[in-house]
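Enquirer: Encoded as structure tokens, here's the structure I'll be asking about.
The values are calculated or read from the model by the stated rules, or taken from the named source; none is laboratory data. Please read all numbers here as calculations on a predicted model, not as lab measurements. Here the Cβ is made from the backbone with ideal geometry for all residues, glycine too, and neighbour counts use every protein chain on show. For the accessible areas, the whole protein counts, side chains as well, though only heavy atoms, and no ligand, DNA or RNA atoms are used. Shrake-Rupley method; radii C 1.70, N 1.55, O 1.52, S 1.80 Å.
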Amino acid sequence: MLFTRQIEFESIGKSLFLSQESEGDTGCVVWDAAIVLAKYLEKQRYLLEKQRDLDVRPVRLSDCHVVELGSGTGCVGLTAALLGASKVTITDLPQLVPLMEKNILQNHNNLRCAVDAIELTWGNMEQGAALGTPDLLVLADCIYYEESLEPLVSTMRSLCGTSTTVILSYEHRTTGNNLEIQNRFFGLMEENFWKESIPLEDQHELYRSHDIHLFKFNLR
Ligand SMILES: C[S@@+](CC[C@H](N)C(=O)[O-])C[C@H]1O[C@@H](n2cnc3c(N)ncnc32)[C@H](O)[C@@H]1O
């Protein structure tokens with residue numbers, strides 16, 4: 001067992017306590033891109049969703065069913081539940097479900113809605129269909145290996161409805177074939193989604209970085 005990560009949310013005077021594991025898959029620790037996205041949600045509290053016709057309509061987090069893909073410890077989804085989402089589902093590979101459940105339980109007293117931890121392996125359409133259509137789909141640092149790109153994008157494509165907003169964060173890495181993987185991912189996304197970059201100045205003043213990028217997507 002690794003140390004528990006405490007993430008403070010000053011605006012509501014509460015913290016998340018996330019258990020991490022010292023051994024296991026990539027998802028067993030909290031990644032920086034998740035903290036940047038969690039802190040962006042805190043800063044926004046409500047999200048502006050751009051419609052296809054570019055009308056802007058406010059979507060309050062309190063009205064949102066939030067689904068997180070590749071949650072790992074559950075950092076982003078649990079943040080949404082702490083900030084007042086109406087329903088949250090955190091998802092990952094089956095081996096991460098016990099850690100997600102542990103983190104739900106550990107934060108239970110502060111969460112403002114029910115949170116479910118379920119297995120969702122990207123590309124498994126049956127598992128995705130059981131979730132319904134979220135208002136907000138979030139994912140942090142999930143663009144990192146070639147074989148997952150098409151399954152991940154098809155899962156996102158099948159989960160999203162026309163009123164779903166996707167918010168994605170990732171850490172820009174230039175080693176090995178990371179750049180190629182990122183370019184391929186964004187190419188696949190652009191076939192299906194409108195993309196909007198979230199500028200650094202809209203992000204949390206302290207928890208942001210030139211290496212970590214945030215994007216919003218809406219189904220085309
Ligand atoms: C780099 S970790 C990021 C974890 C968490 N989002 C964070 O930022 O702290 C990538 C996550 O994607 C999950 N993942 C990888 N391949 C997956 C797949 N095929 N289906 C579902 N989840 C997957 C991993 O288990 C892991 O939790």
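Enquirer: Can you give the Rg to Rh ratio for the chain, taking only C-alpha atoms and Rh from Kirkwood?
Expert: 0.93
Enquirer: For a protection proxy built on the mean count of beta-carbon atoms within 10 angstrom, sort 197-206, 19-28 highest first, please.
Expert: Top to bottom by mean Cβ count within 10 Å: 19-28, 197-206.
Enquirer: Quick one: how many lysine pairs in segment 5-219 have C-alpha atoms under 28 angstrom apart, if they're 8 or more apart or on different chains?
Expert: 21
Enquirer: Relative contact order for the chain: what percent, with Cα pairs under 8 Å and sequence separation of 6 or more?
Expert: Here the relative contact order equals 19 percent.
Enquirer: I would also like to ask the following. What number comes out for accessible area per residue over the chain if the probe is 1.4 Å? Units Å², please.
Expert: 46 Å²
Enquirer: By the scheme Lys and Arg +1, Asp and Glu -1, what is the net charge of all other residues having a beta-carbon under 13 Å from that of residue 203?
Expert: Net charge around residue 203: -2.
Enquirer: Along the Cα-to-C-beta direction of residue 147, a point sits 7 Å from the Cα; which residues of segment 80-102 have their amide N less than 12 Å from that point?
Expert: none
Enquirer: What share of the DSSP beta bridges in the chain is antiparallel, in percent to the nearest 5?
Expert: Taking every DSSP beta bridge with both residues in the chain, the antiparallel ones total about 55 percent.
Enquirer: In what sequence, largest accessible area first, do 156, 125 appear using a 1.4 Å probe?
Expert: Heavy-atom accessible area, descending, gives 125, 156.
Enquirer: Taking chymotrypsin sites (Phe, Trp or Tyr not before Pro) as candidate sites, keep only those in a DSSP loop with at most 13 other Cβ atoms within 10 Å, then name the longest stretch of the chain containing none of them.
Expert: Of all site-free stretches, the longest is 4-144.
Enquirer: For the chain, with all protein chains present and a 1.4 Å probe, just round the carbon and sulfur fraction of the accessible area to a whole percent.
Expert: Here it works out to 48 percent.
Enquirer: If each residue of separation counts as 0.36 nm, what is the full-extension length gain between residue 175 and residue 126 once their alpha-carbon separation is subtracted?
Expert: Gain on extension, residue 175 to residue 126, equals 14.2 nm.
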